[in-house]
Amino acid sequence: MQVERLRVTQFRCYERADVTFAAGVTAIVGANGAGKTSLLEAAHLALTGYSPRTTNDARCVQEGAAFLRVEAEVVARGSSHDVSVGFEPGVPKRVTLDGKSLRSRDQLDAWWTCLVFLPDRLAVVKRAPAVRRAYLDRATSRLEPAHLTEVLAYTRALTQRNALLRRVRAGVTPGAALDVWDVVLAKHGAAIIAARSRTCAALAPLFAERLVALGGPGGSTLTYRPRLDGGEKDLLAALEARRGVDIDRAVSGTGPHMDDVLLSERRRDLRVYGSQGEQRTAVLALLLAEARLIVERRGEEPILLLDDVLSELDTGRRRRLIETVREHGQALITTTEVAHLPEPPDGVLVVSAGSVAPLVERG
Ligand SMILES: Nc1ncnc2c1ncn2[C@@H]1O[C@H](COP(=O)(O)OP(=O)(O)OP(=O)(O)O)[C@@H](O)[C@H]1O
Ligand SMILES: [Mg+2]
């Protein structure tokens with residue numbers, strides 16, 4: 001896929017912007033606060049229907065404005081498409097594809113994929129298991145859309161079971177009332193564990209390979225660490241075995257809501273031992289591994305939106321990153337200095353105080 005043009009109206013610091021993008025790597029250059037991340041965010045909103053920065057769309061509306069609008073021209077699967085997203089606080093967000101209103105923004109996922117790196121994505125390596133689970137579920141849903149439904153069903157059942165555990169502990173409900181929720185949890189839980197392990201198994205070799213391509217060491221691993229490995233029957237047995245403890249604590253102590261993913265380099269857990277640059281490289285390797293997998297499975301390259309990826313990387317890693325990104329098709333990369341890019345990009349957009357324009361070479 002390729003994004004050819006982006007139009008932005010009353011989005012963050014932009015009153016209006018209209019930009020075209022090169023086929024390969026486009027650098028978005030500007031000082032701190034100029035509007036680089038906002039431009040990536042606008043592209044993401046137009047392509048996916050949501051902001052990668054906030055769940056509160058009202059924050060994206062330019063201060064003092066009543067609504068925002070972002071529109072993109074995209075070439076995907078050999079044909080051109082117009083997508084637009086409009087938002088006004090208090091009114092449901094409106095997403096249209098080729099002039100037709102979509103019921104849900106999720107429908108855009110069937111057309112193309114957008115993979116984004118923002119500095120806060122380092123949390124995938126650095127923070128608690130919940131962040132890695134959320135990442136793994138997003139990645140799995142991009143490969144197997146049905147996964148999202150399983151996760152939602154599991155989460156609902158878990159909330160119900162936990163509420164019931166409190167009631168059983170308080171003596172207002174008999175323990176047998178848990179039977180039905182155990183069955184539901186075991187069913188969706190087993191589907192989640194199976195899908196997560198498929199994703200990890202597919203990502204692991206690509207992650208190791210991409211990490212080497214980015215200048216990291218060989219032999220790095222990505223390992224799924226389920227709290228409980230097994231099928232529906234095993235999960236059901238585990239829930240029943242734990243029932244007494246769960247009632248005492250009024251919380252469900254086993255299942256895929258407690259899983260983790262271990263990322264390691266030189267046999268050391270990157271979360272605990274990785275340097276800043278190593279952790280950043282690992283998150284980027286993960287993103288590029290996923291990009292590979294998406295090309296293999298869907299036959300089309302995702303667009304890569306990379307915010308501030310060059311900082312903290314040495315010159316060698318920067319060069320390798322850009323080379324590797326180039327192999328993946330189109331990418332928009334923000335940077336404060338174009339000199340941080342090891343080789344000239346295919347296009348440069350200069351951003352300053354809410355305006356954006358292509359770089360005009362002085363000659
Ligand atoms: N809703 C809004 N309305 C108007 N301006 C906003 C809104 N939200 C954010 N801004 C402003 O937009 C400007 C650009 O922010 P952005 O994060 O895009 O900068 P940036 O170029 O990525 O900077 P940095 O290099 O520091 O990451 C900031 O000054 C910010 O305060
Ligand atoms: Mg920024």
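All of the numbers you see were taken from the coordinates with simple rules; none came from a lab. The model shown is predicted, which means the values in this text are computed figures rather than measured ones. Ideal geometry is used to build each Cβ from the backbone, glycine not excepted, and the neighbour counts take in all protein chains shown.
Pairs of alpha-carbon atoms within less than 8 angstrom and 6+ residues apart define the contacts here; what relative contact order does region 183-332 have, in percent?
26 percent
If you take every residue apart from T336 with its C-beta less than 11 Å away from the C-beta of T336, what net charge results, scoring Lys and Arg +1 and Asp and Glu -1?
-1
If you place +1 on the Cβ of every Lys and Arg, -1 on the Cβ of every Asp and Glu, and leave all else neutral, what size is the dipole of region 128-285 about its Cα centre, to the nearest 20 Debye?
That gives a dipole near 340 debye.
Taking springs between alpha-carbon atoms closer than 10 angstrom, which of G329, G175, G255 fluctuates most in the Gaussian network model of the chain?
Of G329, G175, G255, the most mobile in the Gaussian network model is G175.
Positive end of the charge dipole of the chain (Lys, Arg +1 and Asp, Glu -1 on Cβ, about the Cα centre): tell me which of G329, A186, I247 has its Cα farthest that way.
I247
Mind putting together the pair-distance distribution for the chain? All Cα pairs, 10 Å bins, whole percent per bin, short to long.
The calculated distribution, bin by bin, is 5, 22, 28, 24, 14, 6, 1, 0, 0.
Just to check I understand the Karplus step: with θ = phi - 60° and J = 6.51 cos²θ - 1.76 cosθ + 1.60, what whole-Hz values come out for region 346-359, glycine and proline as x?
After applying 6.51 cos²θ - 1.76 cosθ + 1.60, I find 6, x, 10, 10, 9, 10, 8, 6, x, 10, 9, 8, x, 5 Hz.
Is region 5-134 best put as rounded, prolate or oblate by its Cα gyration tensor, with a ≥ b ≥ c the root eigenvalues, rounded for a/c under 1.5, and otherwise prolate when a/b is larger than b/c, oblate when not?
rounded
If you fit an axis through the alpha-carbon atoms of helix 315-326 and take the longest principal axis of the Cα set of the chain, what angle between them do you get, 0 to 90°, nearest 10?
90 degrees
Which ³J(HN,Hα) values in Hz, rounded to whole numbers, follow from the phi angles of region 77-93 under the Karplus curve 6.51 cos²θ - 1.76 cosθ + 1.60, where θ = phi - 60° and Gly and Pro get x?
Whole-Hz 3J(HN,Hα) from phi for region 77-93: 6, x, 9, 8, 9, 10, 10, 9, 10, x, 9, 9, x, x, 10, x, 5.
Name the residues whose placed amide hydrogens come within less than 5 Å of the amide hydrogen of I28, ignoring near sequence neighbours (fewer than 5 apart) on the same chain.
The answer is I333, T334, T335, L349.
Would you please calculate the Kirkwood hydrodynamic radius of region 201-253 over all C-alpha pairs and express it in Å, rounded to one decimal?
Taking the inverse mean of 1/r over all distinct Cα pairs, region 201-253 comes out at 14.0 Å.
Given the chain, what percent of its DSSP beta bridges are antiparallel, to the nearest 5?
70 percent
Which whole number of Å³ per residue matches the convex hull of the alpha-carbon atoms in region 128-285?
Taking only Cα atoms, region 128-285 has a hull volume of 109 Å³ per residue.
To the nearest 10 degrees, how steep is helix 232-249 against the longest Cα principal axis of the chain, on a 0 to 90 scale?
Value to nearest ten degrees: 80.
What is the distance in Å between the Cα centres of region 1-31 and region 45-90?
12 Å
Compute the signed sum of charges (Lys and Arg +1, Asp and Glu -1) over the other residues within less than 12 Å, Cβ to Cβ, of D179.
For residues surrounding D179, the net value is 0.
Could you name the lysines whose alpha carbon sits less than 29 Å from that of K36, not counting residues in the same chain fewer than 8 places away?
Those lysines meeting the cut-off are K93, K126.
Take the alpha-carbon centre of region 119-172, take the same for region 226-246, and report the distance between them in whole Å.
Here the answer is 16 Å between Cα centres.
For the chain, take the longest principal axis of its alpha carbons; what is the angle in degrees between that and the long axis of helix 129-143, to the nearest 10 within 0 to 90?
70 degrees
For every helix of n ≥ 4 consecutive DSSP H residues, a contribution of -39,500 (n - 2.57) applies; sum these over the chain, divide by its total residues, and give [θ] at 222 nm rounded to the nearest 500 deg cm²/dmol.
One gets -13500 deg cm²/dmol as the mean residue ellipticity at 222 nm.
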